[in-house]
Structures are given as structure tokens and as C-alpha cells.
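Worksheet: the structure to be examined is printed underneath.
Please treat every number below as a calculation from the coordinates, not as lab data. Please read all numbers here as calculations on a predicted model, not as lab measurements. When we count neighbours, we look across all protein chains shown, and the Cβ atoms used for this are built from the backbone with ideal geometry, even at glycine.
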Amino acid sequence: MRTLCVVVAVTVAVGCGGHPPIPKRLVVESDLGSWKFRRFQGPLLDIEVWVDGNKAEAYSASYITADAEQRGRIEDKDLVNVFVTGYERSDGVVRATVKLARRLAQDGGYQVEEDKIAGARTLTITGRGEAWVMWPSNQHVVKVGGRGRSDVPTSMVANYVDRYPSQLPGGALEGPLPPGPDDAKPKAAKPEYDSTAPKPDLDHYDPSKVKLPDQQGDAPAATDDAAKPAPAPAPPAKTRKPRRSK
């Protein structure tokens, strides 16, 4: 009876619009419809979307088509790889994903487009004999596709979007960068004015009216009296010769 109650509860949650839980090792290690699970790898040392100060681990899963399994031969079109990177925090994940996509877009070998697949906003990356769909989701980045492909199966993207809803903002490739950890840091407060020891405002001063001391220190300005030429010395007083007596 207890097992039945658990099954009913899970069914109701999914049926009411709930999402399947995130797998313990981030990728789905079972068949997804007609795609057959074949290989798991992880944790991987190569983190593609790097977020400074935010520790991450990546895991991957490989799937093949049922047709390839039956004929016993796998071609590039029969294979799809999924990489999921998990971070300690969500800080900076969306921003780092967008920055990577923009760098790839500037590379002449790749074409990067913002698209909606399975109802989720995603980044489609094609070129150099590979095709991928990527998107950020809270503390994760998901990448689905493979080498030797020209497109990515929508069904595979849909399976992972259910578990990792996309948080990619609209206009990600052209709009302002999403906020990152540095944007959340409070700016240093401006020191209060001290009349006994005023400091010059170096950002707002007129160099034609104000002369700032150089690094070695300027000599004190001459006063008006000091600027005047020194008076000429007085001529020596004439001495009177003594008179001779007759």
C-alpha cells in the first residue's frame, strides 16, 4: 500500500505540470523514448562554461537510436551526447553561458542562433562538423548534440528541458550581458567632506584654474612680496675729509 501511494503521488505531480527530478549524477542513465542509454562519464575535468569562483563538475551520457542498436552499427546521426555541468551556486552561470556563446559567434567557424526548442529558449551552435543546443538552468548548464551531426533531435532536448528549465534571457546574443557576481557587490561609499583636511576631487576639476601638485611635490607658490625685485642697495655715505689747521 505504501509503494502504491508513492507511485500515485509521483504521477499526480508530473501530470499537474511538475518536472522530473534532477538525476543524482545530473544526466539520465536510462532510455529516453526511442533513444537508448549506452554510456556514462564523469566527473569530467574539462569545464566548458567556466565561472570564476564557482566550483563545478560535469557529467555526460551517450544515447543511440533503436535502429542503430538493431543493426549493430552506429553512425554519427545515430549518436547523441549530453553534457550537464553542475555548479555550487547559480551566481554567474547565465552570464558565463552567454559570454561563451558570443565568443563562438565571433568565431568564423561557428554559427550561433537563439531559438526556442520544446518551448525553451536555447542557443543553437553549428559548424566545424558538429551541432549542439545549449542553455543555462539555475545551477546547471546543459549541452545536447554531437560531432558529425547537422542538427539536434528535438525529443532529446525536450527530455532534458523537463528536468532543467531554461533561464536564457531573450536577446542574449545582442542585448546587455546578464548580471554577474561582481554586479551585486556594493560600491565603496564616498568619504565624507572634512573641512580641516579637504581632498581634491580628481574627477571633477578644471585644469586651467586648478594646478595639482605632481608626485614629487611642487614648491610653495611665491607671495606677492616675494615676487617683487629686491630694492637696490643704498650708496655708501660720503665721508668728510678733516680740515687742516693753518
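For the reader, a short list of remarks on this structure follows.
- Subset of 116/143; 77/143; 24/55; 24/99 violating a 24 Å alpha-carbon distance limit: 24/99
- Overall form of segment 37-188 per C-alpha gyration tensor (a/c, 1.5; a/b vs b/c): prolate
- Phi-derived couplings, Karplus 6.51 cos²θ - 1.76 cosθ + 1.60 at θ = phi - 60°, listed residue by residue for segment 77-93: 5, 8, 10, 10, 10, 10, 10, 10, 9, x, 10, 5, 9, 7, 4, x, 5 Hz, with x used for Gly and Pro.
- Rounded if a/c under 1.5, otherwise prolate or oblate - segment 19-110, Cα gyration tensor axes: oblate
- Couplings 3J(HN,Hα) for segment 35-50, derived from phi with the Karplus relation 6.51 cos²θ - 1.76 cosθ + 1.60 (θ = phi - 60°), are 8, 9, 5, 10, 8, 10, 9, x, x, 9, 7, 8, 9, 6, 9, 8 Hz, where x marks Gly and Pro.
- Per-peptide average of other Cβ atoms within 10 Å, ordering 169-181, 90-102, 53-65, 134-146 highest first: 134-146, 90-102, 53-65, 169-181
- Working from Cα pairs under 8 Å separated by at least six residues, relative contact order for segment 97-139 is 28 percent.
- Cα shape, segment 82-158, gyration tensor, a/c 1.5 rule: oblate
- For segment 73-142 and segment 40-67, distance of Cα centres in Å: 12 Å
- Contact order relative to length of segment 62-171, as percent, for alpha carbon pairs under 8 angstrom and 6 or more apart: 26 percent
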